[in-house]
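Peer 1: My structure is below; once you've seen it, I'll send some questions.
Read-outs: derived from the displayed coordinates by stated rules, not from any lab. As the structure is a computational prediction, the values presented were derived from the model and not from experiment. We place every Cβ from the backbone using ideal geometry, glycine too, and count neighbours over all the protein chains shown.
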Amino acid sequence: MHADKPQTFLTKGKKPRPETAKTKKAEALVVTEQQDDSMNLQKILAFYRARVEAHEKDRFAYLQKMDKLRLKQDKAHKLEWELKKRTDERQEL
């Protein structure tokens, strides 16, 4: 490694980084960074749009299932109430 940097367990056995030989033009670098940023943003946006769409589909499916269960629960409650009323009527007789 470098003589001025002490060797630690993190740097032990690692090759030193090569010094950059070429310097890029600032204008080309800025355009490349802008292009990279726009490409990354487009990928990120597409990813999250797909996630939102998948979530909306799942939510719709779960809401439909819950509505079906709610109907079954209402019917069961009505039947239980009916049974309770009939047993009370029997006891009164």
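Peer 1: His77: net charge of surrounding residues, Cβ under 14 Å, Lys/Arg +1, Asp/Glu -1, itself excluded? Intermediate values should be presented prior to the final figure.
Peer 2: Details: positive: Arg70, Lys72, Lys75, Lys78, Lys84, Lys85; negative: Asp74, Glu80, Glu82.
Net local charge, His77 excluded: +3.
Peer 1: A further question follows. Short version: ³J(HN,Hα) in whole Hz for each residue of the stretch 71-82, in order, from phi by Karplus 6.51 cos²θ - 1.76 cosθ + 1.60 (θ = phi - 60°), x for Gly and Pro, what are they?
Peer 2: 4, 5, 5, 4, 5, 5, 5, 4, 5, 5, 5, 4
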